[in-house]
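Structure record follows, encoded as structure tokens.
The values are calculated or read from the model by the stated rules, or taken from the named source; none is laboratory data. Since this is a predicted model, take the numbers as computed values, not measurements. Glycine gets a Cβ as well: all are built from the backbone with ideal geometry, and neighbour counts include every protein chain shown.
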Amino acid sequence: MVKRLPDNPIAQVLLRAVKESAHEARNRLADETDNKEKAAFDELEEEKARIEKSRLQKDHERGEILRDAINNTLIWTFRAVVIAIMVLGAVWAVHLIIPISWHWLTATQLSTIHNIFTGGIVSSVLIEYFRRRL
């Protein structure tokens, strides 16, 4: 059974107005739904960006902590080596200055100390020479 539109022009205008109003309401509802979905999607994207930024920041901080630890270890190692060399040099100098009867280092020990110092001096001179030339 097919419904006919009423022949009355006022009824036709009212019927058209009701249909247009229903169509506008559907469009408005669809727009509101789209806006809510877009807002939820944007919020999700912002949360993902915040999480990624936080992850990158924490990775950077961990890397810096590791670099600081390595740097501090190298500095303390360098200080220990310098102190050991200074003590070794002082022992060698005292051994050479004191009378022979007081010497406590053997010839092998003196040779080892001498090789450490002369090897260090020669290598530093050679390194400096090549650094300037290259």
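At a glance:
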{"item": "Subset tally (residues that are aliphatic (A, V, I, L, M) and either under 17 Å from the mean Cα position of the chain (by Cα) or not in a helix (DSSP H, G or I) (or both)) for the range 67-87", "result": "2"}
{"item": "Selected residue (only one of Ile98, Ile113, Ile75 is touching a Gly at 6+ places or on another chain (Cβ under 9 Å), surrounded by 10 or more Cβ atoms within 10 Å (Cβ to Cβ) and at pLDDT 85 or above)", "result": "Ile113"}
{"item": "Condition check for Trp92: in contact with a helix residue (DSSP H, G or I) (Cβ under 9 Å, 6 or more places away or on another chain), surrounded by fewer than 10 Cβ atoms within 10 Å (Cβ to Cβ) and on the phi < 0 side of the Ramachandran plot", "result": "no"}
{"item": "Count of the range 22-66 residues which are among the β-branched types (Val, Ile, Thr) and either loosely packed, with under 10 Cβ neighbours inside 10 Å or under 23 Å from the mean Cα position of the chain (by Cα) (or both)", "result": "2"}
